[in-house]
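Beneath this line is the structure, given in structure tokens, with notes to follow.
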Amino acid sequence: MGAHWSEPVARLLRVGEDFDLPRVDRSATPGWDHGKKKAEKFMAKRGKELSELQERLYADGRSGGNRSVLLVLQGLDTAGKGGIVRHVLGMVDPQGVALASFGVPTAEEAAHDHLWRIRRELPPPGRIGVFDRSHYEQVLVVRVNGLEPPEVNDSRYAELVDFDLELAATGTTVIKVALMVSYDEQFERLAERLDRPDKYWKYSPGDIDTRLDWDDFQAAYAEMLTRTSVPQAPWYVVPADHKWYARLAVTELVIEALRSLDLGWPPADFDVETEKRRLAATH
């Protein structure tokens, strides 16, 4: 019998009312007991289904449908967000993916409401949008670095939930993933970047500043996860010490979301038999 998940990944990793971030084992592989090699083989098979489901979504959008998917990736430095983009979304047609990365706001972005730049990058119908960091930086970096008054920052949670509910109500399936790496594993990944010239470009001195605020960021993540996970747009916490597991889990979350749309192939908007005859006449 082939390798398989013991339970639906969405059920295993979803943030519920009793969620407790400090209890999450970041080196665990919930629902997968078959190791790395079988995970890689399983993921390759899943890639075929993911590709077809993405094509159905794209075809639906091209045919007037309003459905889209937004994959939100949050995680501290080295958590593996870039790897998810390359290894998971790399299995589908790139024209069906809209990737956006959010860093420090530009002068133009800072002159607007914090959701202004987010709205500009939302996926159009038929696309899978991917946010490498997102609107949730507002209650993470902004909170930890004290960039706005506490009472203002506290109001952001409800604002962010309302935004996600708006997206869900207008046809966007929101998948919010928090990639949680351990303190020790982050050290190893940062050390590797400093040891290898081909990794220098990934390193930033600011990574150490963030690491020095580890406890504050963990508290910020814990509050974000419990206050903004709602049934229409839940958070999924993915243990990320094993990159292969994180990629496998996110692949499954995207597949489950696309399956839930139950999209068929759009019917022809022309007479098929007539077009067959017209084509035959050109042979």
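Descriptive notes on the structure:
- Computed magnitude of the charge dipole of the chain (debye, nearest 20; Cβ of K, R +1, Cβ of D, E -1): 1320 debye
- Averaged per residue, the stretch 1-110 has 56 square angstrom of accessible surface, using a 1.4 angstrom probe with ligands and nucleic acids left out.
- In order along the stretch 272-279, phi translates into HN-Hα couplings of 4, 5, 4, 5, 5, 5, 5, 5 Hz, rounded to whole numbers, per the Karplus curve 6.51 cos²θ - 1.76 cosθ + 1.60 with θ = phi - 60° and x for Gly and Pro.
- Ranked by how many other beta carbons lie within 10 Å on average, peptides 88-95, 111-118 from highest: 88-95, 111-118
- Placed amide H near Leu99: partners under 5 Å, 5+ positions off or other chain: Val130
- Most simply put, the chain has about 10% antiparallel DSSP beta bridges, counting only bridges with both residues inside it.
- Carbon/sulfur fraction of accessible area - the chain, other protein chains in place, 1.4 Å, %: 51 percent
- Gained length - Ala169 relative to Arg11, 0.36 nm times residue gap less alpha-carbon distance: 54.7 nm
- Look at the alpha carbon pairs under 8 Å that are at least 6 residues apart: their mean separation over the length of the chain gives a relative contact order of 32 percent.
The values are calculated or read from the model by the stated rules, or taken from the named source; none is laboratory data. These figures come from a predicted structure and were not determined experimentally. Cβ: placed from backbone, ideal geometry, glycine included. Neighbour counts: every protein chain shown. With ligands, DNA and RNA removed, areas are computed over all heavy atoms of the protein, side chains included. Shrake-Rupley method; radii C 1.70, N 1.55, O 1.52, S 1.80 Å.
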